[in-house]
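Trainee: Provided herewith is a single structure, encoded as structure tokens, for subsequent inquiry.
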Amino acid sequence: MIKKEIIPNTTLDSIGVDTDWEEKIQLFVENMYLYKSAIQQINTKLEILDNDFKVKNDYNPIHHIESRIKTPESIIQKALRKNLSFSDSWKDNITDIAGIRVICNYKEDVYSISKQLLKQEDITLLKEKDYILHPKESGYKALHLIIETPVYLTNSVEHVPVEIQIRTIAMDTWASLEHELKYKNKNGLDDKTIKRLKKCATKLSEIDQELQDIHNEQFLSQENSTKSYSANTLLLELL
Ligand code: GTP
Ligand code: MG
């Protein structure tokens, strides 16, 4: 039986899940800790990369990291939307149950973090969508990676998919505000607003590029002077 505190029966009724699915959903919910473990692992990898970059270059490419696990309700909704049946593997078909958002300072940081992460032996890239090079119709920009990471359990190894969205602060600002506006307007945004938002995305891209150029100039000029940051300083910060 589905645990009521996890998915209330009223929710299951309202989204049209019949009792045949209950066992599968229960099993799935019980395995949610796998996704939490995968997020922990990737978060640690990202923090290590950020710290190492700081030691070597006196600069943190990552501004901050956010993560979330999809709620059982929205997993079921997605399974229904994708017409997945009882026998389909949800793990293989719903790859954004574990989600990590990496907010970088500059555009070049987005690609360097992605490159450093993907070259690690235990990370398998399943899918890459570069919405920076090819923005979505809305104006949305980010680099999306679906990766698989091994989670070592007592008697087995589970390969768990994780969706990683990597964006700059400017890209994230746009995505957050646009998402909120869309969410608040249940009837959808009108054409004029959609166009204005798209224009905002273009302007923010120009600002992103300008900030990148300024950063590169400053960074290069600093490289010629002696670096004050050391591994000892980092160690003190981490303690
Ligand atoms: P989903 O079923 O929504 O996961 O779509 P998908 O599997 O086709 O993946 P997609 O590459 O479109 O990325 C989905 C995620 O990217 C969403 O859950 C959002 O977090 C983000 N995203 C994609 N498009 C937009 C957009 O136009 N605006 C905003 N704010 N976020 C977007
Ligand atoms: Mg999604």
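The values are calculated or read from the model by the stated rules, or taken from the named source; none is laboratory data. All values derive from a computational prediction rather than experimental measurement. Glycine also receives a Cβ, built like all others from the backbone with ideal geometry; neighbour counts cover every protein chain displayed.
Trainee: Which residues, counting only those in the stretch 43-79, are farther than 30 Å from Q222 by Cβ and either away from ligand 2 (no atom under 16 Å from the Cβ) or modelled with pLDDT of 90 or more (or both)?
Mentor: Selection gives S67, R68, I69, K70.
Trainee: L117 is checked against (1) of a type outside the set (F, W, Y); (2) over 28 Å from E180 (Cα atoms); (3) surrounded by fewer than 18 Cβ atoms within 10 Å (Cβ to Cβ); (4) within 18 Å of the chain's Cα centre (by Cα) and fails just one. What number does that condition carry?
Mentor: Just one mismatch for L117, condition (3).
Trainee: Mind counting the residues in the stretch 129-159 that are within 15 Å of ligand 2 (Cβ to nearest atom) and either in a loop (DSSP other than H, G, I, E, B) or surrounded by fewer than 16 Cβ atoms within 10 Å (Cβ to Cβ) (or both)?
Mentor: 6
Trainee: Okay, moving on. Being in a helix (DSSP H, G or I) and aliphatic (A, V, I, L, M) is the filter here; which residues of the stretch 40-90 pass it?
Mentor: Selection gives I42, L46, I48, L49, V55, I75, I76, A79, L80.
Trainee: Name the residues in the stretch 80-120 that are within 13 Å of ligand 2 (Cβ to nearest atom) and closer than 20 Å to E148 by Cα, would you?
Mentor: Once the filter is applied, which keeps residues that are within 13 Å of ligand 2 (Cβ to nearest atom) and closer than 20 Å to E148 by Cα, the stretch 80-120 yields N93, I94, T95, D96, I97, A98, G99, I100, R101.
Trainee: Then there's this: Quickly run through the stretch 177-201 and pick out the residues that are within 28 Å of S112 (Cβ to Cβ) and surrounded by 13 or more Cβ atoms within 10 Å (Cβ to Cβ).
Mentor: E178, K198, C200, A201
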